[in-house]
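First the structure, which I've put down as structure tokens, then a few questions once you've had a look.
The values are calculated or read from the model by the stated rules, or taken from the named source; none is laboratory data. Predicted, not measured: the structure shown is a model, and the values here were computed from it. A quick note on method: Cβ atoms are made from the backbone with ideal geometry, for glycine too, and the neighbour counts reach across all protein chains shown.
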């Protein structure tokens, strides 16, 4: 059961960050300021799904990997703190800041600088989470390990 909960929470976390990232990129490139502000507000609401999902995946992953010492587990354990710190210290504060600026109609250089940082940090988290998903699938035998 723990494996299933871990996989579902990880999938939800990955999909939420992917949705946040792509909706941000698309609206920044092609939409009005009003649409950007609406997306930023929706991203904040999505945090109520993302944050618990990430806590569940982190906790269940640590519980399942507590005694494991193999290379894939070590790699996942090394990436998870980076993902968490990136999320808590960059992505969440940036989301709140950008939503506030967008709601106030302040699309200035500071907004776009923070937006660029958020997009880079989000891409980094998506990459590391994707690697963790890949390694988890290898650990469960759902995809073949390369030798």
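If I go through region 1-33 residue by residue, how many of them are outside any helix (DSSP H, G or I) and either more than 30 Å from residue 65 (Cα to Cα) or touching a helix residue (DSSP H, G or I) at 6+ places or on another chain (Cβ under 8 Å) (or both)? Quick ask: steps written out before the conclusion?
Looking only at region 1-33, we keep the residues that are outside any helix (DSSP H, G or I), and these are 1, 31-32.
Okay, now just the ones that are also either more than 30 Å from residue 65 (Cα to Cα) or touching a helix residue (DSSP H, G or I) at 6+ places or on another chain (Cβ under 8 Å) (or both), so 31-32.
Summing the residues that are outside any helix (DSSP H, G or I) and either more than 30 Å from residue 65 (Cα to Cα) or touching a helix residue (DSSP H, G or I) at 6+ places or on another chain (Cβ under 8 Å) (or both) in region 1-33 gives 2.
In the list 69, 45, 2, which residue meets the criterion of being closer than 16 Å to residue 95 by Cβ and over 14 Å from the mean Cα position of the chain (by Cα)?
That would be 45, the only listed residue that is closer than 16 Å to residue 95 by Cβ and over 14 Å from the mean Cα position of the chain (by Cα).
Do the conditions hold for residue 127, that is, is it modelled with pLDDT of 95 or more and more than 16 Å from residue 43 (Cα to Cα)?
Values: modelled with pLDDT of 95 or more: yes; more than 16 Å from residue 43 (Cα to Cα): yes.
Spelling it out, residue 127 is indeed modelled with pLDDT of 95 or more and more than 16 Å from residue 43 (Cα to Cα).
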